[in-house]
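This report refers to the structure that appears directly beneath it.
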Amino acid sequence: MLGLLPASFDRNNMGTINRMLSMEFPNDQLAYSGYSRDYNYSRFSYERFYSPNDKETVLNYWKEDQDKLVAELKLYNNYSYFIPHERAINASHCSTIITFIGAHACQQMEKKRNWWEYLEWPWGQTYKCYSEFVPMETFLHRFLNENQRIRIYEPVNGYNAEDPGMGIVAPLINGALGG
């Protein structure tokens, strides 16, 4: 099967699949979305093959590879990416399943800079988006309906972990999933 793929794919390097897709379909828009703290894919990818394999080490392997993937995708004009940091639903697995709640990203999600920002709703939230706050549905609309290239890679943050709504909804969803 791999031998049937175009020469732009290197059978000895599965990572060249993105290059092949971009080169073979230059007029098509392609996209990647996944959480930086996806603990399902990362466990599947690293837990059985690397040691140590505790949660933070596995997530660090995932982050290193995700950084490499983003660097690769930046080489191609027809790739978009939407990479939120984390959400407490299903161990941050899959950005579009179950619900879009918590599926948003911000290029400049940072700790609040000024004391008066702590008076803003929601109280107790120590993170704030200092660029555009992009929900998944906005990313999808722009990508699918407006043919826009969107590139958002959210930095490490605790926004969803501190979100009061997520604190209510995530345990209910996770409980329904059995976890």
Next item on the list: Go through segment 17-40 and count every residue that is touching a helix residue (DSSP H, G or I) at 6+ places or on another chain (Cβ under 9 Å) and closer than 30 Å to Glu146 by Cα.
Entry: 14
Next item on the list: Would you please list the contacts, defined by Cβ atoms under 8 Å and residues six or more apart or on different chains, that run from a residue in segment 1-14 that is outside any loop (DSSP other than H, G, I, E, B) to a residue that is at pLDDT 90 or above?
Entry: Leu2/Phe9; Leu2/Arg11; Gly3/Arg11
Check: List pairs: first in segment 90-101 and over 10 Å from Tyr39 (Cα atoms) and among the hydroxyl-bearing types (Ser, Thr, Tyr), second assigned to a loop (DSSP other than H, G, I, E, B) and at pLDDT below 85, Cβ under 7 Å, 6+ apart or cross-chain?
Finding: none
Check: Out of all the residues in segment 22-71, which are touching a residue at least 60 places away in the same chain (Cβ under 8 Å) and closer than 23 Å to Ala161 by Cα?
Finding: Ser33, Gly34, Tyr35, Ser36
Check: Does segment 119-139 contain any residue that is free of Cβ contacts under 8 Å to residues at least 24 places away in the same chain and closer than 22 Å to Leu73 by Cβ?
Finding: yes
Notebook entry, point to check: Taking segment 46-78 on its own, how many of its residues are out of contact with any strand residue (DSSP E or B) (no Cβ under 8 Å at 6 or more places or on another chain) and hydrophobic (A, V, I, L, M, F, W, C)?
Noted result: 6
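With respect to Ala105, determine if the residue is more than 14 Å from Tyr81 (Cβ to Cβ), under 17 Å from the mean Cα position of the chain (by Cα) and of a type in the set (A, V, I, L, M). Can you show your working first?
Numbers: more than 14 Å from Tyr81 (Cβ to Cβ): no; under 17 Å from the mean Cα position of the chain (by Cα): yes; of a type in the set (A, V, I, L, M): yes.
Here the answer is no, as Ala105 does not meet what is asked.
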Checklist line | Total residues in segment 150-179, condition aliphatic (A, V, I, L, M) and in a strand (DSSP E or B) | finding: 1
Notebook entry, point to check: Out of (1) under 14 Å from the mean Cα position of the chain (by Cα); (2) of a type in the set (A, V, I, L, M); (3) under 21 Å from Phe143 (Cα atoms), the odd one out for Ala91 is which?
Noted result: (3)
Next item on the list: Could you tell me whether Asn147 is over 15 Å from the mean Cα position of the chain (by Cα), modelled with pLDDT of 95 or more and either of a type in the set (Lys, Arg) or assigned to a loop (DSSP other than H, G, I, E, B) (or both)?
Entry: yes
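The values are calculated or read from the model by the stated rules, or taken from the named source; none is laboratory data. Only a predicted model underlies this, so the values are computations on that prediction, with no experimental measurement involved. All Cβ positions, even for glycine, are placed from backbone atoms using ideal geometry, and neighbour counts span all protein chains on display.
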